[in-house]
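**Student:** There's a structure below that I have some questions on.
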Amino acid sequence: MQARTTARHYPPGEGLPHARAYATLHGHLAVSIHTHQDGFPLGRWLVQQRRKARSGQLSARTLQKLTVLDPWWNPPWSFTWQRNYQLARAAHATGQPTPPELDRWARK
């Protein structure tokens, strides 16, 4: 009997248009796992692409396209740091107050 898998697998090309749309709107791909773009689970898809990239299983085409969209889509440092950086950067750029948790992060 074959084991059931619970992980969803998305076709490699399916997420690229959604990643492009998100990056065009926000300037980065540092999204949380719960992020959706036009109904597509972009955050989950990007988590899968990062795992594939780390294990050397991501296609060169997808890797190149994601890197063009955001050179730091798969940073060598903590992804939480990258996402917090983008959130703080966006707040600063728009003149919005920085949430307290990002203030604490920035002080560290």
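The values are calculated or read from the model by the stated rules, or taken from the named source; none is laboratory data. Keep in mind the model is a prediction, meaning the values are calculated, not measured. Virtual Cβ from ideal backbone geometry, glycine too; neighbours counted across all protein chains shown.
**Student:** Report yes if some residue within segment 52-68 is in contact with a His (Cβ under 9 Å, 6 or more places away or on another chain) and assigned to a helix (DSSP H, G or I); otherwise report no.
**Tutor:** Among the residues of segment 52-68, not one is in contact with a His (Cβ under 9 Å, 6 or more places away or on another chain) and assigned to a helix (DSSP H, G or I), which makes the answer no.
**Student:** May I ask you to verify whether residue 83 is surrounded by 11 or more Cβ atoms within 10 Å (Cβ to Cβ), part of a helix (DSSP H, G or I) and in the same structural domain as residue 22 (by TED's automatic domain parsing)?
**Tutor:** no
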